[in-house]
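Below is one structure, written out as structure tokens; comments come after it.
Just so you know, all these numbers are worked out from the coordinates, no wet-lab data involved. Nothing here was measured: the structure is a model prediction, and the numbers come from that model. So basically every Cβ, Gly included, is an ideal-geometry build from the backbone, and we count neighbours across all protein chains shown.
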């Protein structure tokens, strides 16, 4: 009888232990599900905030570039207008009754031909600037394609030319690169931010050098300036959203953070080396991944 009683007690204890374990497992499963749900919601919120940050930084960039772009457009428009006035005077001269005997007629014909070439070049410059701005302003995160990353550099240089070309010298050294699967306009945003920051740090009479090359399984880009440099105490914070060492009203602190996010989205990284009063060099690494489209 004692053995039966002990057996019953053992079975009862085992059942209670099993029930307790099942309840604990159920509770833990419920907790894991809740935490996972909260993490998913937080992840969606972070992605949404990143998109908003990108939009905000893009608006800031467009505002910063507006004056320079207006100058870039006004330049070709000014000589187009001047050349049109010259053509008008030539037309009036050639319309005179004795125009056939005019000794200037041959010169006028040759100069008019040169003028038409200049006018066409000026119109193309304006068209290129407008096309770059439209492409930059309308980009969407889903606009992914196989592209030459050097196109992003060239577009950034064209867009920022009016903003920085009178302040400092910009040297461009681009090597032929294998294409990567990316959002080419978001990549342009990165180089726009880098160029504007470098030019701002360099000031009048400064120099900015941008390079591209490929090695092994990576693309590399460097943006180097001879400007004021970054203090060591700031280096670890420069990619933090809203962090800026610039005076109030001179920067949002979003440019480098947004740029870092875009490059990370391509599986890459941005590193910086800087010495105060000597300058900074930002190096961008982007992996060349044949399966990027699948991810």
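Below is a table of values for the structure above.
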quantity	calculated
Footprinting exposure proxy for 148, 114, 200, 225 (fewest neighbouring C-beta atoms within 10 Å first)	114, 148, 200, 225
Residue exposure sequence - 125, 18 - by fewest surrounding Cβ within 10 Å	18, 125
Sequence of 95, 214 once ranked by neighbouring C-beta atoms within 10 Å, starting from the fewest	95, 214
